[in-house]
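Right, I'll just put the structure down here and ask away after.
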Amino acid sequence: MANPRSSFLLSPRGDTLLYLIALLSIFSLLLQHISTAATADSHFEGFDAEDEIEDDSLLLQSSLSDLPRRSPPPSTTLTTSSDPESHHGPPNPTSPDSSMPSDSDLPRKPSTSFDYWDEDEFEGFPAEVTPPEVTKDTEPTTPADGSVTAESDETAKVSEPVSFTKRIRSYTIEITCVSFLIMFTINFFTGRKENETLALAWAARFASRDTIFDKNFSLLGVGEGDDSPLLLKEGQNVFKFYASGRRFCQGLLATMELKSRHDLIARLYNMIVPCQDEITFEVYMNEDSMDHVVFALAKRKAAKAMQKEVVDLQRFANLMPSGPNGRKWVADELTAITESKEVAGDLITETVLDQVFGEKAFEKFGKWFISMHFSDQHQSTHRKMLVLKFAIPDANHMAEMTRLVALVPYYIDLIGRYKLSSQARSKTEAARSKVAQEVYKELQNARQEALQRKKAERRKMMEEAESKLNAEALRKREAKERARQLKKAMPKIKMSRGA
């Protein structure tokens, strides 16, 4: 028969069973509380304050935003069964264990885009990772002053195709300069050709075979051979013709000064201020072939200017408004400047009046006449010269100046054979001697002025040198000058030897 004590221990009683169930329930609640606390603390391990968590989360947002996004991993939050043990009743809601955090109070795991989520590897991440917000810096700003509208308008203008006329207007200066250069170049060659054509036309009319100069001079041109050129070109508008081999003169030099047709600016200027093509004949007379003659003939205005500007006309000649002794005289448009009426009457002959300088003849042929000047007192290297100046017509009307060109050989012979009367010679010699004395006085005065100028310069240099000397040098200089003055003031004594 069994021991009654042992049977008491093996057979559970009702109070003991209830006690064991209560212990198991308490133990299970403790385990649950510990596990939930450990899970919640793992998210904040190693962090001291919420500010540091926010800073780190901001640093990770940029890197996490670049990763590809996928569906979030399954939730890993712990859940507790509302019925931990089916045979036990629910825990007393009024018990101290009801202070435990519920599922809603626990922090949620971050919903990231990782393919594999490991809580231990990403320990310390914030509870929620929010996508990066679009800040004001990244958002396009729209200022109130409408600058964006202006920029869009400028972009629209640039993108619009520019018309051909606008492109041309943008290069107006360049097009003008290039056009001017092209016009200048074309005008240079055409103008040069026109001047050469005009000069060759004159040479063909008056200097070729069987013409005026060929009949009156033995040598034409700048060379000695038959093929030597007649004209010497010294510029684009200056041509010269030389002739020699005639009595009473050493030679003739004709200088053609044509318009500057090769220069576009000069051509435009000549349209406003017209000018003429001119030719000047300079005949160098022999020393014994020209008597005392000072005479000039020109149009009224030009004659007055010549009498004031030309030196020999200013010294020896005067204006002669009318002819000598009421005889037939030159046209009213012309005025003579002469040293004596006798010379003017002898040089303006009836032949010249009929051919060129008469009233009727000058109306027809005188439009190309400018002036003529004969003088034995010319202010140049060669004193006895005949100078005739005419205008040149165009190449198609070159024959109109034939009578004017014929005056050159005519006056060479007339001046070469001309001799003054004794009365006129005495007057001209007296005038020349008087002018010579005036010239000599002018030279003496100029020489004296030059000497005075040199003395003044030397005195100035000496004063500057004295100002630079010291007191001792000045004392020696004054003593030397005093001794020289005493020596100069002493009487001169002549020494004579005794017999």
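I'm trying to understand the selection: among the residues of the stretch 169-189, which are among the polar types (S, T, N, Q) and either surrounded by fewer than 13 Cβ atoms within 10 Å (Cβ to Cβ) or outside any helix (DSSP H, G or I) (or both)?
Result: SER170, THR172, THR176, SER179, THR185.
Given the options GLN444, GLN423, GLN452, name the one that is in a helix (DSSP H, G or I), within 18 Å of ASP291 (Cα to Cα) and of a type outside the set (D, E, K, R).
Residue meeting the stated conditions: GLN423.
Within the stretch 435-456, is there a residue that is surrounded by 12 or more Cβ atoms within 10 Å (Cβ to Cβ) and in contact (Cβ under 8 Å) with a residue 60 or more places away in the chain?
Yes - at least one qualifying residue is present in the stretch 435-456.
Taking the stated definitions as given, is PHE213 part of a helix (DSSP H, G or I) and either under 24 Å from ALA406 (Cβ atoms) or in contact with a Cys (Cβ under 8 Å, 6 or more places away or on another chain) (or both)?
Yes; evaluated as a whole, the condition is true for this residue.
If SER375 satisfies all but one of (1) modelled with pLDDT under 90; (2) buried (at least 18 other Cβ atoms within 10 Å of the Cβ), what's the number of the condition it fails?
Unmet for SER375, out of (1) modelled with pLDDT under 90; (2) buried (at least 18 other Cβ atoms within 10 Å of the Cβ): (1).
While we're on this one: Only residues that are without any contact (Cβ under 8 Å) to a residue 12 or more places away in the chain and not in a helix (DSSP H, G or I): list them for the stretch 362-419, please.
Passing the criteria: SER380, THR381, ARG383.
The values are calculated or read from the model by the stated rules, or taken from the named source; none is laboratory data. Predicted model only: the values in this text are computed from it and were never measured. With ideal geometry, Cβ positions are generated from the backbone for all residues, glycine too; neighbour counts draw on all protein chains shown.
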